[in-house]
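Enquirer: Starting off with a structure, shown below.
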Amino acid sequence: KTKKGLMMMYKERQIDKRRAARVTRPTPLDSRNPLTSLTINELYSGTVISLTPYGVYVDIGTECDGLLHISQISRDDFVSHPREVFSPGDVVEDVRVMSYSSELKKLRLSLLPIESDEDPDDEDEDDPIALSDLTIDDELWGEIRRVTSYGAYVELGAEVDGFLHFMDHPEFGVVPGVKPSKFMRVGDRIRTWVSDVDLEKKRVKLTANRPAGLPGPRREMLR
C-alpha cells in the first residue's frame with residue numbers, strides 16, 4: 001500500500017480507538033443536578049470519565065465532572081499514575097465531596113476518610129500558595145497529613161500537598177529496615193525544601209534534607 005493509504009488506515013484506527021474509549025454517561029446532560037445540590041463530605045457513586053497524570057475525572061451526575069486528585073485515591077499506597085487503579089468507565093463507590101465552586105464550575109472529590117481534625121466550615125484566611133509561585137529549594141514548613149509505605153504527604157499551605165519520600169527524610173537509614181511510619185508521623189510539623197514542581201501533574205516533591213548554601217526560611221504554613 002502507498003504511504004498515503006497507510007496514513008489513512010492509521011487515522012481510521014485512531015478514530016475507532018477514540019470511539020471505543022468513550023464512556024457512556026449514566027445521566028443525560030440535560031438532567032444533571034447543580035453543584036449547589038451537593039453536600040460537603042457526603043458520599044456519592046460515580047463513573048470514571050477520563051484519566052490525567054494528576055488524577056481522575058468522575059461523573060457523579062452534576063453539571064461538571066469532579067476531580068479525584070491522585071493524592072486522594074489511597075491512604076496507604078503511593079499511586080504514581082491513576083491508571084494503576086482506574087480505567088475509563090469504572091464505577092467509583094463512596095467518593096466524598098471535598099469542596100465545590102458553582103461559579104468556577106469546579107468539584108473536588110476524595111476516596112479518603114475525613115481526618116479527625118478536618119472542619120468543613122473552616123476555611124483558610126489566606127489564599128493557598130500557587131504551584132507556579134514555588135521554585136526549587138524554596139523552604140516550607142508543613143504538617144504531615146498522611147503516611148504511606150513510600151513516604152508522606154505534607155500540608156504546606158499550597159494548592160496541593162507535597163510528597164516527601166522516606167529516603168529524603170533525615171532519619172532514613174539511622175535504624176536499618178525501619179518503616180517510614182516509625183519516623184514520619186501524622187501531625188508532625190516538619191521543615192522541608194522543594195525538590196521538584198510539576199505544574200502539569202500538579203505535584204510537589206519535597207526533601208527534608210537541607211540543600212547546601214541556602215538562606216533562611218522564605219515561607220511558613222500559617223496555622
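What follows is calculated from the coordinates using simple rules that are stated; it is not laboratory data. As the structure is a prediction and not an experimental result, all values here were calculated from the model. Ideal geometry is used to build each Cβ from the backbone, glycine not excepted, and the neighbour counts take in all protein chains shown.
Enquirer: Pairs to check: K179/K201; K179/K202; K105/K202. Give those whose C-alpha atoms are more than 24 Å from each other in this structure.
Expert: Working: K179/K201 28 Å; K179/K202 27 Å; K105/K202 19 Å.
The answer is K179/K201; K179/K202.
Enquirer: Evaluate E = 1/(1 + (r/R0)^6) for S99 and V186, where r is the Cβ-Cβ distance and R0 equals 25 Å; express this FRET efficiency to the nearest 0.05. Numbers along the way, then the final one.
Expert: Details: r = 21 Å, r/R0 = 0.86.
Once the sixth-power term is evaluated, E becomes 0.70.
Enquirer: Continuing with the same structure: Taking the Cα of R25, stepping 7 Å toward and past its beta carbon, and measuring to each backbone N in the range 50-67: which are under 18 Å?
Expert: Flagged as within label range: 50-52, 56-67.
Enquirer: Could you work out how much longer the chain between E200 and L43 gets when fully extended? Use 0.36 nm per residue separation minus the Cα distance between them, nm to one decimal. Walk me through the numbers on the way to the answer.
Expert: Values: separation 157, 0.36 × 157 = 56.52 nm, distance 2.82 nm.
Roughly 53.7 nm would be gained on extension.
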